[in-house]
Amino acid sequence: MNLMLKLKSLDKLTTSEEVLITYILDFPEKVIHFSPKELAEHSYVSISTIYRLINKLDLEGLNDLKFALVNYLNEHTTEQIIDIDYPISAEDNHYAITQKLKSVYNQTVQSTIDTNNLDTIAFNGNLLKQAEFIDVYATSANIYFAQNFQFQLQEIGKQVNVPIDDFMQNLSAANSTPKHLAIVVSYGGRSSSVKKILEILKKNKSKILLVTSKDSPLLNETVDGVFLFSSLENHYNKISSFSTRMSLMYIFDSLYLSFFNQDYDRNLAYKLDNYQKMNPKLI
């Protein structure tokens, strides 16, 4: 149950607690910035009332309340509450860091879901099922996510190729056929090497699933399927690519589950049986 529903469902409240709940429900975007004293002054209740309500919500303190409000606002408003590019400040303690990073992840996953529709996800899953061969073209740190995706599918008997350097990527594209599905990952879509690979794939009439951002020039290309990154993050001006990495992992995991679910019983049995062969001591 999200915090707002929990606040609305509480019973056996004092008059002051009801006043405080009304204020939180009306002004959540203000509450996330208040100290206990400021919240008490703005809502016209005592600090003890604030902590009584926090206890009734089974929260540890005001920071827990504020983080729960941040998560709610991130999911239900278009304005970012956590700065995706600079989610922490120099003054944050370790608890604040863990909670703020969690908020970045939550907002990223919700944004990725909102940017893509269910029909698109189902269609992309069918592209995987229909392909006899799957090649994933990625660069930089995205290669590691591609390799994890490769591992997931190989666990259930679907062979995936992840060429790493430019030469092997071009060779794989040149060897592709209409039986191949090429998953091409490029957030910005401005790399000349990606455009060259797409050109080769099209000549060979391979199926193409493009994973890119909503502002990518690659969206002008004719491809068979598209899966969009969350686009909350600045490409350069940031602490790290927390949001983009989380979005790509979510995309690959969604593709895997969509494929897995099309033959759930067979895939689960195949995976468990293979691990039994690899380790007969497993129960």
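Observations
- For Lys6, a cut-off of 18 angstrom between C-alpha atoms picks up these aspartates and glutamates, skipping any fewer than 8 places away in its own chain: Glu17, Glu18, Asp26, Glu29, Asp58, Glu60, Asp64, Glu75.
- Listed residue pairs exceeding 26 Å between alpha carbons, taken from Lys66/Lys214; Lys129/Lys281; Lys158/Lys202: Lys66/Lys214; Lys129/Lys281
- Note on the range 28-99: the C-alpha convex hull projects to 5.4 nm² when averaged across all orientations.
- Between helix 15-26 and the chain: long-axis angle, C-alpha atoms, 0 to 90°, nearest 10: 40
- Whole-percent carbon and sulfur share, accessible surface of the range 89-148, 1.4 Å: 55
- Helix-only arithmetic for the chain: the sum of -39500 (n - 2.57) across DSSP H runs with n ≥ 4, divided by the residue total, places the mean residue ellipticity at 222 nm at -18000 deg cm²/dmol.
- Amide H within-cut-off set for Ile134, under 5 Å, with H built and near neighbours excluded: Asn161, Leu181
- Look at the Cα gyration tensor of the chain: its axes a ≥ b ≥ c give a/c of at least 1.5 with a/b over b/c, and that counts as prolate.
- Reported to the nearest whole Å, the Cα centre-to-centre distance from the range 140-158 to the range 259-283 is 17.
- Over all distinct Cα-Cα pairs of the range 145-254, the Kirkwood formula returns a hydrodynamic radius of 14.8 Å.
- Protein heavy-atom accessible surface, 1.4 Å probe, per residue over the chain: 55 Å².
- Shown for the range 170-234: the carbon plus sulfur share of the solvent-accessible area, taken with all protein chains present and a 1.4 angstrom probe, equals 49%.
- Calculated log₁₀ intensity ratio I(q)/I(0) where the Debye formula runs over C-alpha points of the range 223-283, q = 0.12, 0.14 Å⁻¹: -0.53, -0.64
- Summed residue charge, Cβ within 10 Å of Ile156's Cβ, Lys/Arg positive, Asp/Glu negative: +1
- Once the Cα atoms are used to define both axes, helix 94-115 deviates from the longest principal axis of the chain by about 60 degrees.
- Percent RCO, i.e. relative contact order, over the chain, from Cα pairs under 8 Å lying at least 6 residues apart: 17
- What the phi angles of the range 198-206 give under the Karplus curve with 6.51, -1.76 and 1.60, with θ = phi - 60°, is a coupling list of 4, 4, 5, 4, 5, 4, 8, 6, 6 Hz, glycine and proline written as x.
- Free of any trypsin sites (Lys or Arg not before Pro) that DSSP assigns to a loop and that have at most 15 other C-beta atoms within 10 Å, the longest stretch within the chain is 13-178.
- Compared with the rule-of-thumb size 2.2 N^0.38 Å for a compact globular protein, the range 86-212 has a Cα radius of gyration ratio of 1.26.
The values are calculated or read from the model by the stated rules, or taken from the named source; none is laboratory data. Keep in mind that this is a model prediction, so the values were computed, not measured. Note that each Cβ is placed from the backbone with ideal geometry, even for glycine, and that neighbours are counted across all protein chains shown. For accessibility, only protein heavy atoms count, side chains too; no ligands or nucleic acids. Shrake-Rupley method; radii C 1.70, N 1.55, O 1.52, S 1.80 Å.
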